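Reading through the structure tokens given below for one structure.
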Amino acid sequence: MRLSHLTKVAAVAAALVLTATACGNQSSSLGSTGGAPPAAENVSFEAGTTMDKLNKAQALRVGTKFDQPLFGLKGLDGNPAGFDVEIAKIIGAKLGIPADKITYTEAPSAVREEVIEQGRVDMVVATYTINAKRKERISFAGPYYIAGQDLMVAKDDTTITGPESLRAANAKVCSVAGSTPSEKIKEYIDPANLVLFDVYSKCADALRTGQVQAVTTDNVILLGLVDSSQGAFKLVGQQFTQEPYGIGIPKGDVKFCEFINTTLQEAAADGSYEAAWKNTAGKVSPQAPSLPPADACS
């Protein structure tokens, strides 16, 4: 996504005043459909598949972020909202599970594989970049969105103009432990200048108090933090990665992966994917993305 398509809407991320801790086991049930497609009726699945089990249980457990404006942010009502949450609702609906039967568990970057492996969630939809290292432990469906890593700095900062300027500025850079951006940024800074927290809201606090000079993660996440900063922060606007967001599921569940990929393709065709974007991240970035081609399931 190009930054030129992103326009600031101050009201969008005002809910960032609430942040969550990285306990990884808090959960809440969403009480309204929020524009999600209705649950499919009279559907059946191959016996023994994950889809069959979930449909019969009439319950879906989703790991997501609670501190990511536009993608997964815990609101004043205690429920997460954002594009990731809407994607989870679309999948739930295709399983025949209504939105109020979906339970959300906080899944910060550092514990996403863990909550899948331990069976605490059925899937993770949490700005979750697909990469080879993670595929050693879990499987991915998707991708459903391609983001790009950027830098957030203080509004009056003219020194940091992109990742190549960080080393010369001896800048301290904040990211989240276990995230892809925290690994990528190591190419551009001295190791001692990397500051890691469990959630990005703490990075924003560190930038606000001058403990770090930049925060790095994917562009849309950063834009939400910029919009909630009341003019204190800005984006540098130099994306330097492509981050394919996928849906994490238990290792080797090929049939569930294929089901999710088909569901996403149908959502792109019937308009529910675009609606999910417009109702969430589209309030800041009006141009809806195209659904990326799905990777092979394995």
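Quick look at the numbers
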{"read-out": "Yes/no for SER285 being of a type in the set (S, T, N, Q), touching a Leu at 6+ places or on another chain (Cβ under 7 Å) and either modelled with pLDDT under 95 or over 16 Å from PHE71 (Cβ atoms) (or both)", "value": "yes"}
{"read-out": "Residue list for region 74-89, filter: surrounded by fewer than 24 Cβ atoms within 10 Å (Cβ to Cβ) and out of contact with any strand residue (DSSP E or B) (no Cβ under 7 Å at 6 or more places or on another chain)", "value": "LEU76, ASP77"}
{"read-out": "Options VAL226, VAL215: the member that is in the same structural domain as SER179 (by TED's automatic domain parsing) and assigned to a strand (DSSP E or B)", "value": "VAL215"}
{"read-out": "Residue list for region 118-144, filter: part of a helix (DSSP H, G or I) and within 17 Å of LEU54 (Cα to Cα)", "value": "none"}
{"read-out": "Scope region 240-298; condition among the basic types (Lys, Arg) and part of a loop (DSSP other than H, G, I, E, B); matching residues", "value": "LYS251"}
{"read-out": "Failed item, numbered, when GLN118 is tested on (1) out of contact with any Leu (no Cβ under 7 Å at 6 or more places or on another chain); (2) closer than 24 Å to GLN211 by Cβ; (3) of a type in the set (S, T, N, Q)", "value": "(2)"}
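Every residue, every condition in (1) of a type outside the set (Val, Ile, Thr); (2) in a loop (DSSP other than H, G, I, E, B), yes or no:
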residue: ASN42; (1), (2): yes, yes
residue: ALA47; (1), (2): yes, yes
residue: MET51; (1), (2): yes, no
residue: LYS56; (1), (2): yes, no
residue: ARG61; (1), (2): yes, no
residue: GLY78; (1), (2): yes, yes
residue: LYS89; (1), (2): yes, no
residue: THR103; (1), (2): no, no
residue: ARG112; (1), (2): yes, no
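The values are calculated or read from the model by the stated rules, or taken from the named source; none is laboratory data. Because the structure is a prediction, the values reported are computed rather than measured. Positions of Cβ are backbone-derived with ideal geometry, glycine not excepted, and every protein chain shown enters the neighbour counts.
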